[in-house]
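Engineer: This is the structure I want to talk about, given as structure tokens.
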Amino acid sequence: MSNHAMLVTWQDGYALDLDEIDDQHRMLFDIMNRLWSAIIRRAETVELGGILEDLERYTVLHFTEEETFMRSISYMGFDEHIEQHRRFVDYIIQEKRSALAGRQVSLELIHFLRDWLVNHILVEDKRYADQFRQERRPVSLLGRFFARLH
């Protein structure tokens, strides 16, 4: 994907140093960049709807795994965090329906996705990653946790 078609680029500062979650975050960036590229190319409604469907599905998968992990470490901000996830998914579903009804995908959606994801990783997700590290849990525990999920 050419640089002009990149909405957001992964930076090392986004890493939580939790490999499985970082990989999932990178995948979300990739899907958002696919959406941005499709908008620039003036892709058909079906393609845009399909990418929004991919974003919805992958987001739900990621949030489910992230929430299971947060629950396993008794994350103190759990309820607030999952409410943010729910609102994000609801917004994506609403925008997907709008796109499939033939309405143009708005720049507001694109900026929201980019800003929300970057801010969510840098602020909200770092909080549970910090709690995980402060409790001195070995990072290999995370690998074993995700291995059990799959």
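The values are calculated or read from the model by the stated rules, or taken from the named source; none is laboratory data. In this text, all values refer to a predicted model and were calculated from it rather than measured experimentally. Backbone-built Cβ (ideal geometry, glycine too); neighbour counts: all protein chains shown.
Engineer: Does segment 25-61 hold any residues that are touching a residue at least 40 places away in the same chain (Cβ under 8 Å) and within 19 Å of GLU124 (Cα to Cα), and which are they?
Structural biologist: HIS25, LEU28, PHE29, listed by residue number.
Engineer: May I pose another question? In the set GLU65, GLU56, which member is within 30 Å of GLN134 (Cα to Cα) and charged (D, E, K, R)?
Structural biologist: GLU65
So that you can scan it fast, the table gives a plain yes or no per residue for (1) closer than 19 Å to PHE88 by Cβ; (2) part of a helix (DSSP H, G or I); (3) not hydrophobic (A, V, I, L, M, F, W, C):
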| position | (1), (2), (3) |
| --- | --- |
| MET27 | yes, yes, no |
| ILE31 | yes, yes, no |
| ALA38 | no, yes, no |
| ALA43 | no, no, no |
| VAL46 | no, yes, no |
| ILE51 | yes, yes, no |
| VAL60 | yes, yes, no |
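Engineer: Take the residues of segment 93-143 that are outside any helix (DSSP H, G or I) and under 20 Å from the mean Cα position of the chain (by Cα): which is modelled with the highest pLDDT?
Structural biologist: For segment 93-143, the residue satisfying everything is VAL105.
Engineer: Which ones in segment 1-47 are among the acidic types (Asp, Glu), out of contact with any Lys or Arg (no Cβ under 9 Å at 6 or more places or on another chain) and farther than 22 Å from ALA101 by Cβ?
Structural biologist: Selection gives ASP12, ASP19, GLU20, ASP22, ASP23, ASP30.
Engineer: Then there is this: Please find, among THR45, THR68, the residue that is in contact with a helix residue (DSSP H, G or I) (Cβ under 8 Å, 6 or more places away or on another chain) and surrounded by fewer than 14 Cβ atoms within 10 Å (Cβ to Cβ).
Structural biologist: Just one listed residue meets the conditions, THR68.
Engineer: Right, another one. Would you check if GLY50 is surrounded by fewer than 14 Cβ atoms within 10 Å (Cβ to Cβ) and either over 26 Å from GLY102 (Cα atoms) or of a type outside the set (Lys, Arg) (or both)?
Structural biologist: Taking the combined requirement at face value, the residue does not satisfy it.
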